[in-house]
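The values are calculated or read from the model by the stated rules, or taken from the named source; none is laboratory data. Since this is a predicted model, take the numbers as computed values, not measurements. Positions of Cβ are generated from backbone atoms using ideal geometry, with glycine treated the same way; all protein chains shown enter the neighbour counts. Ligands, DNA and RNA are stripped out before the accessible areas are found, and what is left, the full protein with its side chains, is counted by its heavy atoms. Shrake-Rupley method; radii C 1.70, N 1.55, O 1.52, S 1.80 Å.
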Amino acid sequence: MGGGMELLTPGLTVGPQRTSGTGRVSAKSAGGKTRLDVFYQEGAAKIRIPESFDGAMEAVLINTSGGLTGGDRLQWELEAGDGTALTATTQACEKIYRSDSGPAAIDTEIRVGENARLDWLPQETILFDDASLNRRLDVDLAETAEFLAIEAVLLGRKAMGEAVRCGNFRDRWRVRRSGTLIHAEDVRMTGDIENLVAQTAVLGGDVAFATLLYCGPQAEALMPKVREALGEASAGASEWNGKLVARIVAADGYSLRKSLIPALKVLRDGQNLPKVWHL
């Protein structure tokens with residue numbers, strides 16, 4: 001080596017480094033309070049359990065890589081055992097960067113037991129120009145379980161002068177109660193996203209949107225309160241067969257949060273959102 005150091009083996013192909021991570025949390029009931037049962041974290045997926053004083057439990061999910069790009073993958077598994085109350089959120093917005101090697105993937109599996117409740121409250125997903133993301137949410141509910149979910153997406157950060165012209169975003173939800181499918185939806189935005197979202201039937205030029213889903217016995221009673229909370233926002237809400245669905249679009253992330261937070265508080269019976277939403 002002539003006094004030097006040969007860093008690469010001849011013929012060895014070195015690919016780009018990829019992020020992967022798996023996180024798993026399960027809650028159980030003990031003494032009338034929700035307690036941690038299973039805790040597992042691997043790779044870039046980390047979980048923190050803040051101290052709680054109300055008998056419920058909160059899990060904060062963290063992607064230590066700081067964002068995702070093509071080929072990266074995160075997998076979350078959450079379970080609220082019988083008689084428990086679990087809220088899961090994320091430490092920050094998930095950023096999806098430009099990809100030149102296929103989509104990133106985020107897979108979330110949720111199980112909610114009898115007389116249990118799980119609130120899935122991740123902060124916004126931010127897509128950058130030429131980003132590619134496949135996201136999947138699979139939920140299994142017991143007959144008497146309650147479930148609340150929010151997924152919000154920002155097509156770039158308007159305050160930073162960012163815009164998404166092209167990219168790929170696929171979002172798949174499947175929610176089952178006692179094995180029977182009760183909610184399914186698929187979002188697919190590919191190619192020329194800038195022109196797609198400009199269409200009136202899509203986003204009408206807005207770049208922030210969110211879906212709220214509540215499954216439980218209070219759906220009918222909560223409907224008028226949710227509509228009142230949404231006020232003059234560009235939003236709509238419907239209730240049928242024990243579930244409530246609200247769609248919200250806004251010009252930017254700030255405006256979206258102004259509409260989302262009051263509606264979420266109604267669906268959480270006045271309970272504040274996790275502290276990380278306000279940091």
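Available extension along the chain between Val202 and Lys46 is 52.6 nm, counting 0.36 nm per residue and deducting the alpha carbon span.
Relative to the current alpha-carbon distance between Asn115 and Ala163, full extension at 0.36 nm per residue lengthens the span by 12.9 nm. Helix content alone sets the calculated 222 nm mean residue ellipticity of the chain: runs of n ≥ 4 DSSP H residues at -39500 (n - 2.57) each, divided across all residues, give -3500 deg cm²/dmol.
Any idea what the relative contact order of region 40-82 is, in percent, if you count C-alpha pairs under 8 Å spaced at least 6 apart?
On the way: 33 pairs, mean separation 14.9, N = 43.
Averaging sequence separation for qualifying contacts and normalising by length gives 35 percent for region 40-82.
Based on protein heavy atoms only, the chain ends up with 49 Å² per residue of surface accessible to a 1.4 Å probe. In a simple Cβ point-charge model (Lys, Arg +1; Asp, Glu -1; nothing else charged), the chain has a dipole of about 220 debye relative to its Cα centre. Comparing Leu148, Asn195, Ala184 along the charge dipole axis of region 131-233, the residue lying farthest to the positive side is Asn195, per the Cβ-charge model. Taken as Cα centroids, region 224-254 and region 84-120 sit 21 Å apart, rounded to the nearest whole angstrom.
Once the mean of 1/r is taken over each pair of separate Cα atoms and inverted, region 139-279 shows a Kirkwood hydrodynamic radius of 16.2 Å.
What length, rounded to one decimal in nm, is gained on full extension from Asn134 through to Arg188, with 0.36 nm per residue of separation minus their alpha-carbon distance? Don't skip to the end; give the middle numbers.
Details: separation 54, 0.36 × 54 = 19.44 nm, distance 0.93 nm.
So the extension gain works out to 18.5 nm.
Taking 24 Å as the limit for the C-alpha separation, the pairs Lys46/Lys243; Lys33/Lys275; Lys158/Lys258; Lys95/Lys158; Lys46/Lys95; Lys243/Lys265 exceed it in the case of Lys46/Lys243. The charge dipole of region 215-279, taken about the Cα centre with unit charges on the Cβ atoms of Lys, Arg (+1) and Asp, Glu (-1), comes to about 200 debye, rounded to the nearest 20. Mean-square fluctuations from a GNM of the chain, with a 10 angstrom spring cutoff on Cα atoms, peak among Ala246, Ala30, Ala149 at Ala30. Only the Cβ atoms of Lys and Arg (+1) and of Asp and Glu (-1) were treated as charged; on that basis the dipole of region 137-218 about its Cα centre amounts to roughly 120 debye.
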